[in-house]
Structure formats: C-alpha cells, structure tokens
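Beneath this line is the structure, given in structure tokens, with notes to follow.
The values are calculated or read from the model by the stated rules, or taken from the named source; none is laboratory data. Given the structure is predicted, the values throughout are model-derived calculations rather than measurements. Every residue, glycine as well, gets a Cβ built from its backbone with ideal geometry; the counts of neighbours run over all protein chains shown.
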Amino acid sequence: MRYALYFTPPRHDALTDLAAQWLGRDAFSGEAHATPEAGPFSAEDHANLTADPRRYGFHATLKAPFELAASVTENDLIDTVSDFARRMPAFELPELVLGELGHFFALVPGSLHPPLQEFAAKVVRSFEPFRAALSEADAARRKPEGLSAAERANLLRWGYPYVMDEFRFHMTLTGPVGRERQPAVRDLLRERFSAHIGRPLAIASIAVFVERERGGPFTVHSWLPLAGAQS
C-alpha cells in the first residue's frame, strides 16, 4: 500500500468531471469512462494518450507516493492530514494555463505563485515523518543519474526530486506526446479545457490518494477542505 498527498478539486467540480471524462477514470469513485474519439484521435489513440495519467487520477502532486513508516498507521496519517487542513488557509491560484512539461501536457499556473510554492513545501515537510525510506529499487526508478544536483539532493532528503525550489505545480493530462502530434494535442486540449484555461483555480483542499497494489490505480481515500474553503 502506498499513499500520496495530492491536490484535486472537489468531487463534483466541473473541472474534476471534465478531467475524469478526458482521462477515462474518476479517481473518487474508481469508475472507468469510455474514451471516445477525440478530434483527430481514435478511441484507442485517446486511451493510449491518457494511459499514464489515468492510473494516478486527476491531481497535482504535493507529496509523492510513499509507503508508511513502521512507526505510524493509516489512522495516524489521516488524523494528521485532517488537522493540517483545518489549520491551513485556502487560497487562489490567479490563472491556470495549458503547459508543456517535456513531452507531456498539463494544466499549470500562469506564473510562479509564492503562496502555492510555500503550501507545497509545508506539505512535504509536515508529512515527512510518515514516509518510509525509499528502497534502492525505488530510488533507481527515479534515474538519479539524469537529475540535476538539486534534484538528486531532494531525492535523498525527501524521497522525490521535484520539491522545494524544484517544485512545479502541474495537473497532468497526457503521457508523452511525439513532436509530430503535439500541435493537434495542444489544440484539442485548449478546446476541451477552454472553460478553465485562463481562469483562477481555488487551492482549497488536500487529498490522500492510495495505491493498494503496486502498479494499480490511485484512488481518493480522503478529501479534506482547507480552512475557510467555501462549501
């Protein structure tokens, strides 16, 4: 069993519903959605395009998947996340845009937003006592030889390369996309997510996702509103 601390909008939020339809799975219910033909892509093409993010569910990583330390229990984790959420004020990301990170597409902030960076760092620090140390195999899967010095240091210290100064908020929408297909995918995503691109995004919750078996789908275990979040 692995746990992860993610941001995801509320269960019945319009963005959550849209992303579930796009990815082909609802991380709250675990329900699969048929992936229809999308623009120039067949249903099979669309399913392949979204295969990687479908397993994780629609989210932005705050603390990457981890096994629990031997000294703590799942109840300890959930109780601490609940307390953290009650004390952490909700805030707003000024603008959500479509971004390209390497070869995949994601919804990202229009610019670096310090409150978001600080929030993510607090999550990483606050829940570090719950994380079991990475195994050698898990560390190797991160391919440390290809990481920067700062990313390698984060991997050793926090179990994940892309935290603290290296953190970049992103809600993944595709797996790797070949260069020749990128313009078509970009246009399709801009059309599909037009109601949310260029708009603010409320960062008003934190969610505990679980992966019950290695390689299996991640689902929402607990979704906790932050202090002052609108119901």
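What the table shows:
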| item | result |
| --- | --- |
| Unique residue being surrounded by 14 or more Cβ atoms within 10 Å (Cβ to Cβ), more than 18 Å from residue 208 (Cβ to Cβ) and either of a type outside the set (Val, Ile, Thr) or in contact with a helix residue (DSSP H, G or I) (Cβ under 7 Å, 6 or more places away or on another chain) (or both) when the list is 27, 19 | 19 |
| Count - residues of segment 1-53 that are under 19 Å from residue 108 (Cα atoms), in contact (Cβ under 8 Å) with a residue 40 or more places away in the chain and either of a type in the set (Lys, Arg) or in a helix (DSSP H, G or I) (or both) | 10 |
| Residue satisfying condition, being farther than 21 Å from residue 17 by Cα, surrounded by fewer than 14 Cβ atoms within 10 Å (Cβ to Cβ) and in contact with a His (Cβ under 9 Å, 6 or more places away or on another chain), within set 157, 125, 141, 179 | 179 |
| Count of segment 167-220 residues which are outside any loop (DSSP other than H, G, I, E, B) and not β-branched (Val, Ile, Thr) | 23 |
| Search result, residues across segment 59-98 that are of a type in the set (Val, Ile, Thr) and either modelled with pLDDT under 95 or in a helix (DSSP H, G or I) (or both) | 78, 80, 81 |
| Those residues of segment 128-138 which are at pLDDT below 95 and either surrounded by fewer than 16 Cβ atoms within 10 Å (Cβ to Cβ) or more than 13 Å from residue 160 (Cα to Cα) (or both), in sequence order | 133, 135, 136, 137 |
| Single unsatisfied condition, residue 113 versus (1) crowded, with 17+ Cβ neighbours inside 10 Å; (2) in contact with a Gly (Cβ under 6 Å, 6 or more places away or on another chain) | (2) |
